[in-house]
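Heads up, the thing below is written out as C-alpha cells.
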Amino acid sequence: MAEYSAAVANAMLDQFEATIGVSAVLKIRNGARPAHVADADAGTVLATINLPADWMSAAAGGIKAKLGTWSDAAADATGTAAHYRLYATDGTTCHQQGSVTLTGGGGDLTVDSTSFNLGQTFTITAFSLFYNI
C-alpha cells in the first residue's frame, strides 16, 4: 500500500466528506453488497440514518472518524445487518459501501447489534477512514 505524508493524507481524507456533502445518508442493508459502488442497491434496507451536517471529524494523523452520535430511534425493517451504503444528501447517489459487524468485529462500520428489529433503536459505534503515513 502506498504511503503519504500526513498533510497529503489528511487533505485526501477531508475531501471525502466535502465530495459527498453535508447531511449524507447512510443505509444499512442485509445480504451481500453489490460488487461495485456504482451497481444497483442490493438487500433490504434495515435502517436509514440522515447524518448530521458535519458528520466526520477533521482528518488528523491520516485518520478521519465519524463525528458525533450516529444513531436511529427506529430501524426500518427486521434482518441481519451485513453491509452499508453511504449516499449524498439525495439518498440515491452512492459514494461508498462496506461491511457491517458488531463492535470489535473488524467491519468497515460497526454497530451495537447486527440483529435489527423493526422499530429498534441502534447506534453506529465506529466508522473511520485512513491512509498510511
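The values are calculated or read from the model by the stated rules, or taken from the named source; none is laboratory data. Bear in mind that the values here come from a model prediction, so they are computed numbers and not experimental data. Counting neighbours? That spans all protein chains shown, and the Cβs are built from the backbone with ideal geometry, glycine included.
Does Asp90 satisfy the criteria of being acidic (Asp, Glu), more than 11 Å from Lys27 (Cα to Cα), modelled with pLDDT under 95 and out of contact with any Ser or Thr (no Cβ under 7 Å at 6 or more places or on another chain)?
Yes.
In segment 100-112, what residues are touching a strand residue (DSSP E or B) at 6+ places or on another chain (Cβ under 6 Å), closer than 20 Å to Val45 by Cβ and surrounded by fewer than 16 Cβ atoms within 10 Å (Cβ to Cβ)?
Of everything in segment 100-112, just one residue is touching a strand residue (DSSP E or B) at 6+ places or on another chain (Cβ under 6 Å), closer than 20 Å to Val45 by Cβ and surrounded by fewer than 16 Cβ atoms within 10 Å (Cβ to Cβ), namely Asp112.
Limited to segment 74-92, what total is found for residues that are within 13 Å of the chain's Cα centre (by Cα), in a loop (DSSP other than H, G, I, E, B) and under 11 Å from Ala47 (Cα atoms)?
Result for segment 74-92: 1.
When segment 2-24 is examined, which residues are found to be buried (at least 20 other Cβ atoms within 10 Å of the Cβ), aliphatic (A, V, I, L, M) and not in a loop (DSSP other than H, G, I, E, B)?
Ala9, Leu13, Ile20 - these are the residues of segment 2-24 that are buried (at least 20 other Cβ atoms within 10 Å of the Cβ), aliphatic (A, V, I, L, M) and not in a loop (DSSP other than H, G, I, E, B).
Tell me yes or no: at least one residue of segment 62-73 is in contact with a helix residue (DSSP H, G or I) (Cβ under 6 Å, 6 or more places away or on another chain), surrounded by 14 or more Cβ atoms within 10 Å (Cβ to Cβ), in a loop (DSSP other than H, G, I, E, B) and modelled with pLDDT under 95.
Scanning segment 62-73, I find at least one residue that is in contact with a helix residue (DSSP H, G or I) (Cβ under 6 Å, 6 or more places away or on another chain), surrounded by 14 or more Cβ atoms within 10 Å (Cβ to Cβ), in a loop (DSSP other than H, G, I, E, B) and modelled with pLDDT under 95, so the answer is yes.
Quick one: which residue in Ile28, Ile49 is in a strand (DSSP E or B), in contact with an Asp or Glu (Cβ under 6 Å, 6 or more places away or on another chain), touching a residue at least 12 places away in the same chain (Cβ under 8 Å) and buried (at least 16 other Cβ atoms within 10 Å of the Cβ)?
Numbers: Ile28 fails: in contact with an Asp or Glu (Cβ under 6 Å, 6 or more places away or on another chain).
On inspection, the qualifying residue turns out to be Ile49.
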